[in-house]
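The values are calculated or read from the model by the stated rules, or taken from the named source; none is laboratory data. Being a predicted model, the structure only gives us computed values, none of them experimental. Cβ placement follows ideal geometry from the backbone for every residue including glycine, while neighbour counts extend to all protein chains displayed. To get the accessible areas, we keep the full protein, side chains included, count just its heavy atoms, and leave off ligands, DNA and RNA. Shrake-Rupley method; radii C 1.70, N 1.55, O 1.52, S 1.80 Å.
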Amino acid sequence: MSAQPNELATYSAQFERYANALTAAERAPRSVQFSRFLASGFPDKHQEDWRYSDLSRLAEQNYEPDVTTAEVSPIALLPDADALVYINSHLQDAPSTSRWHSDTCELPPPTTGVDALNAAFASGGLRLRLDRGTRLDKPLQVLFVSRADLQASMSHQRHLIELGDQAEATVLLDFSGDGSERLATHFFDVRLGRGARLRLYRIQNEKAGGTLMTRIDAKLSRDAKFEAVTIDLGGGFIRHDLDIALAESGAETTVAGLYAQAKHSHIDNHVRVVHAAAHCTSRMNYRGLVDEKTKAVFNGKVVVQPGAQKTDSEQRIANLLLSRKAEVNAKPDLEIYADDVKCAHGATVGQLDEVALAYLRSRGIAKDTARAMLLRAFALEILDRIEWPALRARIESALHLPSELTVDFEA
Amino acid sequence: MLEINNLHARVEEKEILKGLNLSIKPGEVHAIMGPNGSGKSTLSNVIAGREGYEVTEGSVLFDGKNLLDLEPEIRACEGIFLGFQYPVEIPGVSNMTLLKAAINARRKHQGETEIAPNDFLAWVRDRAKLVKIDPKMLSRGVNEGFSGGEKKRNEILQMLVLQPRLMILDETDSGLDIDALKIVADGINALRGPTRATVLVTHYQRLLDYVQPDYVHVLARGRIVKSGGPELAKELEEKGYGWLEAA
Ligand SMILES: Nc1ncnc2c1ncn2[C@@H]1O[C@H](COP(=O)(O)OP(=O)(O)OP(=O)(O)O)[C@@H](O)[C@H]1O
Ligand SMILES: [Mg+2]
């Protein structure tokens, strides 16, 4: 998988230009990351974690780091929330919330692949740090808008959410874009102190075209609670990694996700929960509506480490194929190294219930409407997890869009 | 109102209806009886327009219109209602959502505006009372977790809410206790009137004690093999179908 000479040449040229503008002290750690990236290259299908999401095509691209700031046009800001808005990684004026932004970022120990590429170029972004016992009184909506630049561009950001003991916050990571040929990577470092509670929404509604990769690494201390809801409504090539470490006893996480794809999209979700301590609870519930000319990959993994007794874990994955040509690779995975645990997992792939459809039609409901009702029913379990009415309303209306969900149903 | 002529229909290459004739006028109640597997549900489904049935010969006219050309939802909007032998459960679509979508589909078809929310609630609440369904159950998924009898009462509720002109009830009386049977019968009788017609598919005389039919037909081997008045049902209850099969 290591890169051939001359491959990645465009990235080397871009990196050189970028690094020249840095001080020597800044440059050193970036160069380490970049050489790790060069050594490993983009992951391809020979790597198990990337089996269905080969990135080798990216090697040929020439993405220029973002320099311009696109115009802000009216954006989907939700009521009753504070907002941070990034357009192509550039922060827009946000006087009240700019304290949650940082121009700089911490770099991880040298890593490989996409993570190394991100670390080599990364600029800062969200930096939400709450002291012990404090609480965000409003949800924080962080918008990542991607817009066409004059040429294909890339942006890489690193973010931090750090909640002190007993601190509480609700954060929305809101990705949307115009589908221009871009490459964006985002890394989120999430650290929850004892008894802290984070409710995190990650919503992606990009147009087909660009490439977006996100990684969320969350680490939970004793009795911390992490509730994540992830929704993918569109997208070109999308890859999400969500890694949750239940590091101390009593930590609890629930992850619920829905992917309802636009045509021609490729959405890959990798969710991994590591039970590293005893008495922790995890719930994973993902549902997919997979249409023609789209590919969905879901990989859920629960690891119960030695000593993590009394682990209580459940993983459920259900997919609905909306066309015979839809493609889905869903895999629940369980690795258990402790004996006193309760772990359940299951995955299903099915089709729209024709009998239910016939029943609704027999009551006078038009076929398209009946299908939309059944799709919504399938998604309901996940939608019910969105405890933010304005956000839920926005997502429901996006799901109802005939162009999103009913157009290709005739197949 | 409904004219069925020489109807032949198949399911998966197997001919089930083999030249069936039936004529129903407004105001009439017809009971259709017959052995298991004789094609009663097939006939009901063909009239309602369910997919999976192939009509190879014959015609079905509803108010003079060729019914077989219409999508099932259009047939429903035109006033045909089928109470299913096995109502399905649809978790995630509440009974209220179904009822509202169904009412509004029909209103739209007739060129009317959507029903006002308050009128809708009142309309449903009153009818739920008639069939003794707790309105709370209606916020659950369609038939979700309903008992067999509750499902059948729910079919009657949908019928009362939608006020069809042609009601086809496929064994709505099967599996009901005495009280529920009475409720279902009351529901059917409540809609009985000079402009509406009813087809009762049943195996038992019991329902016909409460809903007096004008005609009783025996469907066997894909055809109506005998027709008569209410007394035919009593005769069948005593003698079974053997004497007809032999004939
Ligand atoms: N989808 C199907 N595939 C194959 N055969 C079918 C299908 N549906 C019905 N049949 C067959 O058609 C015949 C008639 O079935 P139908 O359900 O109409 O009978 P019925 O008179 O309603 O019987 P019952 O009194 O048991 O309800 C039966 O032999 C049945 O097995
Ligand atoms: Mg039957």
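Quick look at the numbers
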| item | result |
| --- | --- |
| Formal net charge of residues neighbouring residue B:115 (Cβ-Cβ distance under 12 Å; K, R +1; D, E -1) | +1 |
| Heavy-atom accessible surface that B and A bury in contact, both chains counted, 1.4 Å, Å² to 100 | 1700 |
| Residue-normalised accessible area of the protein assembly as shown, given per residue in Å² at a 1.4 Å probe | 42 |
| For segment B:213-244 versus segment B:47-120, the gap between their alpha-carbon centres in whole angstrom | 29 |
| Debye-sum result for segment A:281-411 in log10 I(q)/I(0), which assumes one identical scatterer on each alpha carbon, at q = 0.09, 0.11 Å⁻¹ | -0.35, -0.50 |
| Separation between Cα centres of segment A:110-149 and segment A:316-332, rounded to whole Å | 31 |
| Across B:108/B:136; B:25/B:152; A:295/A:325, pairs whose alpha-carbon gap is larger than 18 Å | B:108/B:136; B:25/B:152 |
| Separation of alpha-carbon centers, segment B:187-212 and segment A:293-310, rounded to whole Å | 56 |
| Exposed-site-free run, longest, chain A (rule: GluC sites (Glu not before Pro); DSSP loop; at most 10 other C-beta within 10 Å) | A:72-409 |
| Accessible area of segment A:68-351 belonging to carbon and sulfur atoms, whole % at 1.4 Å probe | 46 |
| Residues in segment A:348-388 that, when all protein chains are in place, have 50 Å² or more less accessible area than the chain alone would give (probe 1.4 Å) | A:359, A:361, A:362, A:363, A:364, A:373 |
| Cross-link reach list, aspartates and glutamates versus residue A:293, counting only Cα pairs under 12 Å and skipping chain neighbours closer than eight places | A:327, A:408 |
